[in-house]
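The values are calculated or read from the model by the stated rules, or taken from the named source; none is laboratory data. Given the structure is predicted, the values throughout are model-derived calculations rather than measurements. Heads up, the Cβs are rebuilt from the backbone with ideal geometry, glycines too, and the neighbour counts pull from every protein chain shown. Areas reflect the complete protein model, heavy atoms only, side chains present, ligands, DNA and RNA absent. Shrake-Rupley method; radii C 1.70, N 1.55, O 1.52, S 1.80 Å.
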Amino acid sequence: SRTAGGGSSTTTGAARAALPAADAVLTRVAWGSCAKQGFPQPYFDAIAQYGAELTILVGDNVYGDCETDGCPELPAAYALLEAHPSYRGFKASMPLVATWDDHDYGINDGGASNPHKDLAKDLFLTFMDAADDDVRRKRDGVYTSHAFGPTGKRAQVLLLDTRYFRADFTDTDEPYAPGKERYVPKNEGTMLGEAQWSWLEKRLAEPADLRLVASSIQVVADGHGWECWRMLPHERERFYEALALRNGGAVVLLSGDRHTGGLYQFSSTDLDVVDATASSFTHTIACDDDGDFDTPGDP
């Protein structure tokens with residue numbers, strides 16, 4: 001139901017800010033990832049002060065890894081975030097869209113084999129106050145899209161799901177070796193699943209002047225052996241080919257996961273994109289000074 005302020009009432013009873021109007025021109029967008037719900041949440045206040053017209057959460061929006069039967073950890077993680085004053089104020093005043101990553105998917109580095117994925121999906125959609133008739137409630141995965149602005153200033157936002165359908169990565173034969181820290185590439189298996197690939201190709205056929213494409217894991221990065229699209233090189237090449245065939249518009253990839261920030265560029269004859277990694281909201285590798293992963297500032 002709608003509230004007087006133009007937002008909507010939610011499953012928690014707290015107001016959620018409405019998304020920008022379809023003809024609104026976006027000039028300020030914020031994005032980021034990886035936030036432990038038990039830590040301070042000053043980034044919500046910082047984004048509000050910045051005045052973002054849209055905020056994109058790129059995954060690990062809570063940390064609720066399933067460690068016991070029934071996975072009570074994940075709903076408890078969402079409940080803790082929902083109770084945080086900074087989040088509640090942000091939710092009521094700032095337009096927000098999101099996808100997920102492994103820790104709000106319920107299993108570290110999880111893919112299609114996650115036994116908790118449908119529970120995690122229901123909890124994610126509840127967290128996002130998805131309506132009963134939201135298309136994501138009728139299909140697998142949480143991928144979705146939005147578009148804002150008139151022709152000439154049209155921004156398309158694509159939120160990919162790199163978890164629900166994804167094949168398992170291949171374990172490294174040299175743990176922590178540079179470039180092979182946890183995984184090595186393999187040329188088989190899917191990243192997005194055929195249904196999501198078909199959806200993506202249709203969205204890219206729609207006209208847009210700017211395309212913001214959120215992938216919870218890095219797309220362009222080649223320099224490490226952690227989770228990234230490089231681990232399924234045939235799927236990354238397919239992604240680049242799909243982007244090259246888009247119906248116009250510059251492309252900016254938005255990624256997270258790594259607990260550090262960075263800008264990565266891919267250029268070819270047909271495609272020029274930037275992958276902008278923003279991670280982490282509450283704990284970063286660069287700020288770690290004691291190796292205690294349970295305190296703010298740790299990876």
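Computed values, structure above
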read-out	value
Qualifying positions in the stretch 235-294 - touching a helix residue (DSSP H, G or I) at 6+ places or on another chain (Cβ under 6 Å) and either open to solvent by 70 Å² or more (accessible area, probe 1.4 Å) or modelled with pLDDT under 95 (or both)	Asp270, Phe281
Extreme residue, nearest to Val184 (Cα to Cα), among residues of the stretch 215-261 that are of a type in the set (A, V, I, L, M) and in a loop (DSSP other than H, G, I, E, B)	Leu232
Close pairs (7 angstrom Cβ cut-off, 6 or more residues apart or separate chains): open to solvent by less than 10 Å² (accessible area, probe 1.4 Å) in the stretch 215-231, in a helix (DSSP H, G or I) and of a type in the set (Asp, Glu) anywhere	Trp229/Glu235
Counted residues, the stretch 205-214 - those being open to solvent by 10 Å² or more (accessible area, probe 1.4 Å) and not in a loop (DSSP other than H, G, I, E, B)	2
Counted residues, the stretch 124-150 - those being assigned to a loop (DSSP other than H, G, I, E, B) and on the phi < 0 side of the Ramachandran plot	12
Some residue of the stretch 110-125 being of a type in the set (Asp, Glu) and over 19 Å from Leu232 (Cβ atoms)	yes
Those residues of the stretch 25-45 which are open to solvent by 10 Å² or more (accessible area, probe 1.4 Å) and of a type in the set (A, V, I, L, M, F, W, C), in sequence order	Val25, Leu26, Val29, Ala30, Trp31, Phe39
Top-ranked residue of the stretch 189-204 - restricted to ones that are touching a Leu at 6+ places or on another chain (Cβ under 8 Å) and in a loop (DSSP other than H, G, I, E, B), ranked as farthest from Ser33 (Cα to Cα)	Gly189
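For every residue, the table says whether it meets (1) of a type in the set (Phe, Trp, Tyr); (2) surrounded by fewer than 12 Cβ atoms within 10 Å (Cβ to Cβ).
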| residue | (1), (2) |
| --- | --- |
| Leu123 | no, no |
| Thr126 | no, no |
| Val135 | no, yes |
| Phe148 | yes, no |
| Gln156 | no, no |
| Leu159 | no, no |
| Tyr164 | yes, no |
| Pro178 | no, yes |
| Asn187 | no, yes |
